[in-house]
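Structure record follows, encoded as structure tokens.
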Amino acid sequence: MDSFLPKRDQEYLKMKGLQYSEVRNANRNALIINDYPLPKGKFNADFTTLLIFIPQGYNDAHPDMFYCNPRIAFAGGQNCPAQTEGIVPFNNIQWQQWSRHLNTGNDWRPGIDGIESYLQKVNQAFRTA
Amino acid sequence: MRYTLTLREDHVQALRDHLIRPDGKERAAVLLCGRALITKDVWNGGPEERFFSSIVITVPQEEVISHSKTHIHWNTTTFRKAIKLAEMEDLAVCLVHNHPSGALTFSDVDNENEPHLIKTIFNRNGGDRAHLSIVITTDNQIFGRAWSNQIRAYQLDLIRVFGSKFALHYEGKQLDTPREIFHRQQLALGKALTNDLEKLRIAVVGSGATGTATATLLSKIGVGQLLLIDNDVVERSNLSRLHGATAADADAGKFKVDVLRDYIAGSGIGTRVRVLKEWVGSPNCHDAIKSCDIVFGCTDDHSGRIFLNRLAHFYLIPTFDMGIIIEPDPNDTTNLLAMQGRLTVLFPPNPCLLCRGEVIPKLATEEDQKRNDPMGYERLKDEAYVTGEKNPSPAVITFTTEIATVAVNEFINRIIGFKKKGSENSIMRFFDRGEDHKPGAKKRQGCPICFDDNYWGLGDVQPFMDQTN
């Protein structure tokens with residue numbers, strides 16, 4: 001399958017050496033990154049599988065939220081971070097929905113921002129959970 | 001194979017400045033071109049290969065061995081550098097020279113020399129896709145041919161020069177076939193316009209209030225080929241705004257494009273209309289919209305505008321994008337806060353829709369989810385995350401038809417130049433104030449679409465238009 005990501009994103013993901021796949025399923029494009037690192041010791045795991053839906057018109061349009069599998073809880077308990085209760089099925093897997101949204105205009109520069117900047121927001125969401 | 005070429009006006013100017021000098025001698029240049037393959041022309045069937053001017057390289061005077069009014073001999077130093085660059089950037093090579101005499105056919109000297117140069121390109125760069133040669137005359141005519149890898153020449157069916165003015169070059173441009181229907185229009189706008197319009201393929205994206213007005217006007221002035229794109233059906237609540245639609249169409253659940261096609265075909269002007277019942281960005285539309293010369297954007301969805309914004313730059317398709325803003329005053333139902341129509345002409349080097357703030361990326365993201373994950377979209381709506389859903393926006397047929405007229409007039413203006421002040425890239429019509437503004441815009445630093453020129457005339461790339469489709 002040809003990549004659905006803009007060239008710059010493809011180069012970035014390769015440059016970072018991330019283990020990723022691009023999945024098209026039921027009309028949706030998803031970027032799935034394996035072994036994505038979490039802040040050490042904060043959660044019940046130090047790595048996750050991260051899913052980001054890539055909308056048509058990306059990277060002028062931007063992604064919304066992100067998803068993890070398996071479900072992430074805080075270390076030493078069952079409590080999950082706020083706004084992660086949603087469960088969304090994709091590609092035969094149940095994904096934990098992290099409802100984190102961008103503010104238009106401030107958080108996304110259409111055509112300029114990409115996976116690199118979105119992952120920074122994901123990392124920030126993990127840090128501040 | 002139909003071969004065509006689109007040239008940016010500023011490239012043609014740069015070529016003319018180099019080629020056409022007071023000494024009246026021949027000179028040479030090389031133009032590197034992006035390219036696109038259209039597998040099936042929706043009007044005539046068959047494939048088209050289209051080329052787009054990208055880089056102008058002039059052959060300097062010291063490389064000219066001899067030249068006169070009817071010939072040029074040059075050494076190939078610059079030419080060899082150019083074909084190397086063409087290989088690196090995956091571009092086609094277009095040989096350019098001038099005919100000071102104005103001759104509109106390739107000379108015997110051309111026919112002898114060009115095959116050697118073309119063979120050199122194929123030998124060095126490989127590949128089986130065509131390269132080109134064109135001639136520019138002192139009196140502004142351009143003609144040319146495509147060379148296959150068998151070193152066979154095929155006449156370019158159409159050469160478009162786009163920018164603040166549109167010029168079309170094709171065989172039969174000078175023919176005078178009187179058509180009674182356009183007689184009075186010709187009295188005002190001249191006969192040449194009729195041939196140009198008949199040659200053109202124009203997409204109208206959106207068959208709502210603005211789209212039905214635009215398509216009807218384009219047909220009536222004599223545009224030969226129209227492509228209508230819309231995936232919506234007629235409803236009774238649309239009838240006061242759609243040109244050509246009836247209550248029977250609404251009750252039968254007919255697609256807007258089908259109703260509009262039949263309405264236009266029924267008028268007997270002779271416009272050949274094709275329709276696509278798809279969202280414009282759908283991969284099913286790519287081939288057909290690439291085969292158009294010009295686009296009118298009459299859609300109110302943000303993801304559609306994002307698509308057209310890129311299309312205009314990657315494929316050098318001038319796009320007349322329209323919008324209507326009628327904003328009720330929430331505190332006073334008798335008052336309106338805004339009553340405006342907007343026309344923006346998308347084409348390099350104008351500021352793009354993103355830099356003009358005419359696209360809201362968040363809404364494009366929501367539209368994508370609504371199209372491709374309707375269940376997820378409903379869930380988000382339930383959680384009150386979605387901002388896009390509002391009451392139906394106000395609309396009035398006189399305003400939408402007026403902005404359609406503004407757009408079609410600017411299109412005509414680019415061909416024949418009837419406006420004393422030249423072309424207008426941006427018009428904001430204030431219906432309530434009876435005046436037009438021409439808002440400028442600043443390109444955002446680093447905007448890949450209009451600030452940088454890497455995408456301009458790039459043609460086919462993977463992924464399509466370097467974005468997610």
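Observations on the model:
- Fewest-first ranking of B:ILE83, B:ILE269, B:ILE65, using other Cβ atoms within 10 Å as the exposure measure: B:ILE65, B:ILE269, B:ILE83
- Shielding by other protein chains, B:449-460, mean Cβ within 10 Å: 1
- Between B:SER423 and A:ASN25, the FRET efficiency estimated from the beta carbon spacing at R0 = 41 angstrom works out to 0.35.
- Around the amide H of B:HIS131, modelled in the peptide plane, lie the amide H atoms of B:TRP147, all under 5 Å away and 5 or more residues distant in sequence or on another chain.
- Per the Kirkwood formula applied to alpha carbons, the protein assembly as shown shows a radius of gyration over Rh ratio, Rg over Rh, of 1.01.
- Proximal aspartates and glutamates relative to A:LYS14, as straight alpha-carbon distance under 14 Å, when same-chain residues fewer than 8 apart are discounted: A:GLU22, A:GLU116
- Put a dot 7 Å past the Cα of B:HIS116, heading toward its Cβ, do the same for B:ILE325, and the two dots end up 6.2 nm apart.
- Derived scalar couplings ³J(HN,Hα) [region A:97-103; Karplus, 6.51 cos²θ - 1.76 cosθ + 1.60; whole Hz; x for Gly, Pro]: 8, 8, 7, 10, 10, 8, 8
- Rel. contact order, % - alpha carbon contacts under 8 angstrom, at least six apart, region B:77-160: 29
- Cα-derived Rg over Rh, computed across region B:1-61 with Rh taken as Kirkwood radius: 1.14
- Whole-Hz Karplus values for region A:55-65 come out as x, 4, x, 5, 9, 7, 6, 10, x, 10, 6 Hz, taken residue by residue from phi with 6.51 cos²θ - 1.76 cosθ + 1.60 and θ = phi - 60°; glycine and proline positions read x.
- In the frame of its principal axes, region B:175-226 has Cα extents of 35, 19, 14 Å, reported largest first.
- Residue-averaged beta-carbon neighbours from other chains (10 angstrom radius) around A:108-115: 6
- Exposure rule at most 10 other beta-carbon atoms within 10 Å, DSSP loop trypsin sites (Lys or Arg not before Pro): chain B longest free segment: B:1-389
- With contributions of -39500 (n - 2.57) from each DSSP H run of at least four residues, the per-residue ellipticity at 222 nm computed over chain B stands at -9500 deg cm²/dmol.
- Nitroxide proxy distance, nm - points 7 Å out along Cα→Cβ at B:LYS81 and A:ALA82: 6.2
- When only Cα pairs below 8 angstrom with a gap of at least 6 residues are kept, chain A shows a relative contact order of 20 percent.
- Placing dummy labels 7 Å off each Cα toward the beta-carbon, the span from A:LYS14 to B:SER101 is 5.2 nm.
- Taking amide H as placed 1.01 Å from N in the peptide plane, the amide H of A:THR48 sits under 5 Å from that of A:ASP35, A:TYR36, A:LEU38, each at least 5 places away or on another chain.
- Taken as entire DSSP H runs, the helices of chain B that both span 27 Å or more between Cα atoms along their own long axis and average -0.5 or more on the Kyte-Doolittle scale are B:397-416.
- Which listed pairs, of B:LYS220/B:LYS277; B:LYS81/B:LYS119; B:LYS199/B:LYS290, have C-alpha distances above 20 Å, in listed order: B:LYS220/B:LYS277
- Projected-area average for region B:229-317 over all orientations - Cα convex hull basis, square nanometres: 6.3
- Residues B:THR365, B:THR78 arranged by fewest to most Cβ contacts within 10 Å: B:THR78, B:THR365
- Shape box of region B:316-469 [Cα atoms, principal axes, largest first, Å]: 54, 51, 27
- Degrees, to the nearest 10: A:115-128 long Cα axis against longest axis of chain A: 20
- Amide H contacts under 5 Å for B:PHE296, placed H, 5+ residues apart: B:ALA203, B:VAL204, B:VAL205, B:PHE320
- Efficiency of FRET between B:ARG236 and B:VAL396 - r from beta-carbon atoms, R0 25 angstrom, step 0.05: 0.90
- Listed by chain and number, the aspartates and glutamates whose alpha-carbon sits under 18 Å from that of B:LYS438, ignoring those within fewer than 8 places in the same chain, are B:ASP321, B:GLU358, B:GLU402, B:GLU410, B:GLU424.
- HN-Hα J in Hz across region A:9-15 - Karplus 6.51, -1.76, 1.60, θ = phi - 60°, x for Gly and Pro: 5, 4, 5, 5, 4, 5, 4
- Calculated FRET value between A:GLU116 and B:GLU180, using beta carbons and R₀ = 45 Å, to 0.05: 0.15
- Chain B: relative contact order in percent, alpha carbon pairs under 8 Å with at least 6 residues between: 14
Each reported figure results from applying straightforward, stated rules to the coordinates on display, with no laboratory input. Computed from a predicted model, the values in this text were never measured in an experiment. Note that each Cβ is placed from the backbone with ideal geometry, even for glycine, and that neighbours are counted across all protein chains shown.
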